[in-house]
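The values are calculated or read from the model by the stated rules, or taken from the named source; none is laboratory data. All of these numbers come straight from a predicted model, not from anything done at the bench. Using ideal geometry, Cβ is built from the backbone for each residue, glycine included, and neighbour counts are taken over all protein chains shown. Accessible surface is based on the protein model in full, side chains and every heavy atom, while ligands, DNA and RNA are left aside. Shrake-Rupley method; radii C 1.70, N 1.55, O 1.52, S 1.80 Å.
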Amino acid sequence: MKRIALLGATGSIGRQALEIIGAHSGLELCAAASGSQPIDGLAPLTQAGGDLTELLERAQPDLVLNAVVGFAGLPATLWALERGVDLALANKESLVAAGELALAAQRRGGGRLIPVDSEHSGAFQCLEGRSVDQVHSLVLTASGGPFRGRSRDELEDVTPAAALAHPTWNMGPKITVDSATLANKGLELIEAHFLFGLPYEQIDVVVHPTSVVHALVRFRDGATLAHLGYPDMRVPISYALTYPERSATSILPLDVAGGMTLEFEPPDLTTFPLLAHARKAGERGGTYPCVFNAANEVAVAAFLEGRLPFLDIADVVEDALAEADGSAARDLEELFAADKAARRHVEDALKVA
Ligand code: NAD
Ligand code: MG
């Protein structure tokens, strides 16, 4: 029996994880947490808000599924990595913001870090533990979001409701807005860099509107492996929870004879500059990815509250990156300081605007 602690249990990933755990006799929920909404009777140890690492300490799980949204998921990510407890990671923001610290914690702890993000789960499966020197490049696919094909002029008056109408994935509000701006793919680029140890020039992004191909790995011998499946997060969630087994799910196999065509196009970095800002932040390293993430979190929240126009999300993030010194964080305290400074910078800019 694998004992699972589920953080972010009331969210989009959390609810799908509950379905997978409930249907699997080898998985047991030993702890569940949410940000503020109460969780009734799900697990012996449940918690709404507060310090998630205290809950983990009491629960002593075999695996932590971190499905918290945002930087708030960082202490739980580090808790699991430091102790060698297997970590199924949906909370990409923690790895983006604290990549070096997280990997150092994993080296000390020795546990597994299994991605839940669909592209990274796909890439993880294509790579299957092969050393990166066999890899020519990794390709992450992006749906392009609800505004694919639009120009900047057409995005001036975008409402939160329009940004929240994602064409292929049904997700929480923050990541849905990130998908509309392509910030999500930017976060995923940095996430992939840390997960797979690949330099940024070996990670490409391509737009693939139907989200059937999740990732492609091109190898040095000219072969390319791709991961395909319907856009359904229960597949990567199940994979991460049951790894290294591949347990049965109720999801239908892919129907390839039914006239499926696969289309790819380059991302439009003029209309969606956050992907380019993320790449640059990743390449510069240090705390630039942390600043990118923090500024984006504040800007997205402001957009959803109607305080910031859609196109200004990218401007605000670019400005925060320009202001930051970006020097590497030697410890968690310095990382929290970089995160806090970026948030304060954006909040101040929003007050002036
Ligand atoms: P969501 O908004 O639906 O759910 C977020 C969960 O986190 C909720 O349970 C909420 O209560 C909890 N939470 C928020 N703040 C918290 C805090 N301070 N402390 C503890 N818990 C807190 O979000 P989601 O769509 O499920 O996404 C969760 C994570 O998974 C994000 O990092 C997202 O990028 C990633 N992800 C999601 C999807 C998806 O399909 N939804 C796909 C890939 C990756
Ligand atoms: Mg993804």
#### Entry: Cβ pairs under 8 Å, 6+ apart, first in the range 242-258 and in a loop (DSSP other than H, G, I, E, B), second of a type in the set (S, T, Y)
R246/Y239; S247/S238; T249/S238; I251/Y230; L252/Y230; L254/Y230
## Note on the structure
In the range 24-54, residues that are at pLDDT 95 or above and out of contact with any helix residue (DSSP H, G or I) (no Cβ under 9 Å at 6 or more places or on another chain) total 2
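Residue by residue, here is whether (1) within 13 Å of ligand 1 (Cβ to nearest atom); (2) within 28 Å of R15 (Cα to Cα); (3) assigned to a loop (DSSP other than H, G, I, E, B); (4) at pLDDT 95 or above holds:
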| residue | (1), (2), (3), (4) |
| --- | --- |
| S179 | yes, yes, no, yes |
| N184 | yes, yes, no, yes |
| E188 | yes, yes, no, yes |
| R218 | no, no, no, yes |
| E263 | no, no, yes, yes |
| P267 | no, no, yes, yes |
### Message
Please go through the range 134-168 and give me each residue that is open to solvent by less than 30 Å² (accessible area, probe 1.4 Å), of a type in the set (A, V, I, L, M, F, W, C) and not in a helix (DSSP H, G or I), ordered by number.
### Response
V135, L138, V139, L140, A142, F147, V158
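Every residue in the range 118-158 that is among the β-branched types (V, I, T) and either free of Cβ contacts under 8 Å to residues at least 60 places away in the same chain or in the same structural domain as N91 (by TED's automatic domain parsing) (or both), please. Give the steps one after another, and end with the answer.
The initial filter retains those residues of the range 118-158 that are among the β-branched types (V, I, T), namely 132, 135, 139, 141, 158.
The answer is none; no residue qualifies.
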#### Entry: Matching residues, the range 84-119, being open to solvent by less than 10 Å² (accessible area, probe 1.4 Å) and assigned to a loop (DSSP other than H, G, I, E, B)
N91, A98, V116
### Query
So which residues in the range 57-79 are in contact (Cβ under 8 Å) with a residue 60 or more places away in the chain, part of a helix (DSSP H, G or I) and not hydrophobic (A, V, I, L, M, F, W, C), if there are any at all?
G73
### Message
I'm checking my understanding of the structure. Among residues of the range 44-66 that are more than 15 Å from ligand 1 (Cβ to nearest atom) and farther than 17 Å from L113 by Cβ, which one is most open to solvent (accessible area, probe 1.4 Å)?
### Response
R58
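Looking at the range 19-44 only, could you name the residues that are not in a strand (DSSP E or B) and not aliphatic (A, V, I, L, M)? Explain how you work it out, then say what you get.
Step one: of the range 19-44, the residues not in a strand (DSSP E or B) are 19-26, 35-44.
Those that are not in a strand (DSSP E or B) and not aliphatic (A, V, I, L, M): E19, G22, H24, S25, G26, G35, S36, Q37, P38, D40, G41, P44.
Identify, please: which residue in the range 114-140 is more than 16 Å from ligand 2 (Cβ to nearest atom) and under 21 Å from the mean Cα position of the chain (by Cα) and is, among those, farthest from T77 (Cα to Cα)?
Keep residues of the range 114-140 that are more than 16 Å from ligand 2 (Cβ to nearest atom), which gives 127-137.
After this cut, where a residue has to be under 21 Å from the mean Cα position of the chain (by Cα) as well, the list is 127-129, 137.
Details: L127: 23, E128: 22, G129: 21, S137: 27 Å.
Ranking the candidates gives S137 first.
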